[in-house]
Every structure is written in C-alpha cells, then in structure tokens.
Amino acid sequence: MARARSDGIPATSRAAAPPASGMILALACVAQFMVVLDVSVVNVALPSIQASLSFTTTGLPWVAGAYSLAFAGFLPLGGRLADLYGTRRVLTAGLVLFAVPSLAGGLADTPALLVAARAAQGLGAAVLAPATLTVLTTTFPEGPRRTRALAVWTAVSLAGGAAGNLVGGVLTQSLSWRWILLINVPIGAAALAMTGRIPRSPRRAGHAARLDLPGAASVTAGLALLAYGIMRAGPRGWDDPVTASALTAAVLLLGAFVLIETRLAGDPLIPPRLFRLRAVTAGNAIMLLAGACFQVPMWYFLTLYMQDVLHYTALETGLGFLPHTLLTMAVGLRVTPWLMKRVDDRALVIAGALTAAAGFLWQSRATADGDYLSAVLGPAVLVSIGGGLLNTPLTATATSGVAGSDAGAASGLMNTAKQVGGTLGLAALTAATAPSPANPHGDAFLIMAIALLAVAAASPALPRRRDAAEPA
C-alpha cells in the first residue's frame, strides 16, 4: 500500500509526473511569458503612446504603473483562487481576464481607457501568474523533475521581461504601439486551447471555499497606496499632505490585513501556518529584496539610459536588451539546473547575488558619452548570469515543503514578493535618485548593487534543500 505523505497525497502518486506534463509545462511557460512580457513591453513604446493619446507627463507613468500595482495588489487573492477552485478553472479564467483587457487597451482612444485596461490586465495577471506556478508544483514532485520544470519556468519569466523591451521596440517601430497589447489576444487564445490537458481538480465546497474578500481588499488597497505615496514623495516631498495621508492609510490597511489573516478570516489568503516554514519566510523575504533590483527597476532605468542618453530608437533599445534575454535563458535553462544537482541552493543564491551586484556596480559607472559595449553589454553579462543563477534556487526554496492544499497560496506569496519588490523598488528608486547629465541614472544602479549585497548576506538564513523539502 502506498505510504501517505503529510499533505494527504500518496507518495507513489507523486513519484512521477502525468503523461501530459510536457504540455502542462509549455502552457505554464506561455502564460507566464505573456504576463511578464507585459510588465516591460510598454517601456520603449511610451513616447509613441504619449504622442498618440496626448498623455500628460504626470499621467504617462501610469501606463506601466497601473498594471504593476494591480498585479502586485491582487496576487495574494490570485494565489488562493487555485487552492479553492482548482488550477484548471483559475488558469482558464486568468487567460480570459488577461486577453480581453489586452484587446480593449490595444483599441483604446483615450488615456483613461488605456490606463483602465492596463489595470484590468494586471488583475488578470494576478490570477494567471500564481496558477502557472501552482500547476507546476502540483504536477511535478519535489526532486530533479520539479527542479527542471522550475528552471524552465524561471528562465522564461526572466527572459520574458527582457524580451518585452525587444518585442515592444519591434512592434512599435514596424507596426504600432497598439500591437504590444493586441498580440496578447492570439497568444491567449492558443494558451486557452491547451488548458484541456490540465487534469481537473475538485473544487472545495462550503465554508472552506469562501473567498477572503476583506483580506483581498485591504492588501490590494494598502499596497497601491504605499506605492503611490512613495512615488509621490519624489517630486512632492515626504511632508506633502497627500503623500503623508497615503502612507498612513497604507500602514493602517496593511495592519488590518495582518489582523484579518491571523484572527478573523476563516480561510485566509495567506495562511499563517505558511510562515512557520523557514523556507517560505526566508525565501520570500529575500525574493522581495531581489525583486527590487531585477526586472521592473532594471528595465526602467536601463531603457531611459538607452533612449534618453544614448539616443537609441525604440527598435535599437529593444535590440539592446537581447543579450539579457539570451544569457538569462542559457544560464537558467542549462547551467543552473546542472549546478543545483551538485551545489547547495544557498551557495547559488549567494553567487548569483554577488555576480549581479558587480554588474549593477559596473552599470552605475556608465556616463552620458558611454558606448554600448562598455555601458550596456558588459554589465548585462554579469547581471544576466547573476539573475539566472539566483532565481531558480530561490523560487524552488520559497515554494518547497508546502502541503498540496496550500500550493496556490505559496505560489501567490512568492509571486507577490517578487512583484511587490519590483513595484516598491521602482517607486523608492525613482524617489531617491535624481538623474543628471553627469550621472544619467542617478544612483539607482548603485543602490541595486547594495541591495544585492544584502541578498547575499541574508542567504545563509535559507534552509538546506533537504530540510526545506519536509512538509509542515
């Protein structure tokens, strides 16, 4: 008779992935690529969008910010949906919620409609992203097969962000900025056709299936106000009444969220029992800090440097990100899984953080008269290698040792940590740095390098893999 694990799933049933696991991995990667692509795809198109729809200078950042804020704020809810209603249902709903606003945004004829569509896209992404990770952690058992699947998923996630700049540049220059959103419609339709390969999972009924809507509302509003307050503090100052009010309300709402999750919610978005796992607690804290450097902040400041300082076109800027994409994919798909079989995960996280920190330090020294080889490509090599080494073992650790009934919540928490880190990191870096002709990106890349040194210093707090793999 099969020995039962503590999550209620027989060990023999988890020993091998189902026959459709290859198709499930492909679906998860396509959906995740689409989600991460849209974080960065608008960057190089912003000048064209501003000219086309007559955006104001203060309104333009919300084309990117509306997506990021909705994505980060609804991620805890999105992560819990898969646990309550089944991965297949939630993945299908997420694809629809993402594709329909993409169509609306691509056809938008006013700034308000485009910003609203981007916020709705962020909601769809918040439902979709945790489901892509949950379907992998419930399809592949802990061990080499899951490591390989997570390596592919992580590499696609990292490459999707870097590729967004290239895709955005190509589409904007060859067709129109509208196609950076419209392209999601056929991709989403193709992904929907693949969802039939996912096994149906039972829906939890009755009291246990009730959504924690007060928790979702408080954390979403709290994170949005926190990011808004930090972003406003840059031009207006920390003593601005609106800034102070937003930050105060954010603290109160996030405090209410903690109270709801720990005392009031019958089925909380983030079960407090997850934080009894050192892998989850330490892994997500480190992911939050790493997220403040990679993806959103890095793409934003590097895009500004290439377009505003080096005067690259949208297409040239997109091509400038190509080394990030190729190196991240190569390291994440080939090198990191091989090393994870032979090297402790904590050592890989430390090595990745230190390598990327060196790259950001190099990038911080780029000047207005720099050239592509020394000011972009050289730092890109180190940053991409470091990110490729760091992300897969950190993702594997932050989602390890979790019972099957909490897999969605753990996936949502990990995605939330990464996205909130990126959103708040960008807000804080924008508020703290002041670009000048002599220092075209302020001290943003220097601060990122310091943050990654802190990641390396904190990484010994992560458990060893065999310790993390023991379920709570």
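Readers should treat all values here as calculations from the given coordinates under stated rules, not as data from a laboratory. Bear in mind that the values here come from a model prediction, so they are computed numbers and not experimental data. Every residue, glycine among them, receives a Cβ derived from its backbone with ideal geometry; neighbour counts consider all protein chains shown.
Which order do 29, 293 fall in if you start with the one that has the fewest other Cβ atoms within 10 Å? Don't jump to the answer; show the numbers that get you there.
Values: 29 22, 293 29.
So the residues, fewest neighbours to most, are 29, 293.
Answer rounded, prolate or oblate for region 38-99, using the Cα gyration tensor with square roots of eigenvalues a ≥ b ≥ c: rounded when a/c is under 1.5, else prolate when a/b is larger than b/c, else oblate. Since a/c reaches 1.5 and a/b is larger than b/c, the shape of region 38-99 is classed as prolate. Rounded to the nearest 0.05, the FRET efficiency derived from the C-beta distance between residue 107 and residue 341 at R0 = 41 Å is 0.25.
Counting only other residues whose beta carbon sits under 15 Å from that of residue 335, what net charge do I get with K and R as +1, D and E as -1?
Numbers: positive: 148, 334, 341, 342; negative: 345.
Computed value for this residue: +3.
Size of region 212-266: Rg and Dmax of its alpha carbons, in Å, are 12.5, 42.
Given +1 at the Cβ of Lys and Arg, -1 at the Cβ of Asp and Glu and no other charges, the dipole of the chain around its Cα centre is 1760 debye to the nearest 20.
Each residue in 306, 194 was given a count of other beta-carbon atoms within 10 angstrom of its own, and listing them fewest first yields 194, 306.
When each of the peptides 338-346, 381-389 is scored by the mean number of other C-beta atoms lying within 10 Å of its residues, the order from highest to lowest reads 381-389, 338-346. Shape class for region 192-336: oblate, because the ratio a/c of the largest to smallest gyration tensor axis (alpha-carbon atoms, square roots of eigenvalues) is 1.5 or more and b/c is at least a/b. Comparing 226, 71, 277 along the charge dipole axis of the chain, the residue lying farthest to the positive side is 277, per the Cβ-charge model. Computing Rg and Dmax of the Cα atoms in Å directly from the structure and comparing it against [x] 25.3, 91; [y] 21.0, 71; [z] 21.3, 67 singles out [y]. Counting only Cβ charges, +1 for Lys and Arg and -1 for Asp and Glu, the dipole size of region 318-375 around its Cα centre is about 280 debye. Electrostatic bookkeeping for residue 323 treats Lys and Arg as +1 and Asp and Glu as -1; over the other residues with beta carbon under 15 Å from its beta carbon, the sum is -2. Using the Karplus relation 6.51 cos²θ - 1.76 cosθ + 1.60 with θ = phi - 60°, the per-residue 3J(HN,Hα) values for region 28-42 come to 4, 6, 4, 5, 5, 4, 5, 5, 6, 3, 6, 5, 10, 5, 7 Hz, with x marking Gly and Pro. Relative to the longest principal axis of the Cα atoms of the chain, helix 241-259 runs at roughly 10 degrees. Note on 62, 153, 177: ascending count of other Cβ atoms within 10 Å places them as 62, 153, 177, the fewest first.
The label point for residue 242 and the one for residue 116, both projected 7 Å from the Cα toward the Cβ, are 2.1 nm apart.
Spin-label pair residue 334-residue 371: with each label point 7 Å from Cα along the Cα-Cβ axis, the two points sit 2.8 nm from one another. With both labels modelled 7 Å from their Cα along Cα-to-Cβ, the residue 174 to residue 264 distance reads 5.2 nm. Classify region 328-440 from the C-alpha gyration tensor, please: rounded if a/c falls under 1.5, else prolate or oblate depending on whether a/b exceeds b/c. Taking the square roots of the gyration eigenvalues as a ≥ b ≥ c, region 328-440 is oblate.
Residue 65 sits among other residues whose Cβ lies under 12 Å from its own Cβ, and their net charge, with Lys and Arg +1 and Asp and Glu -1, is +2.
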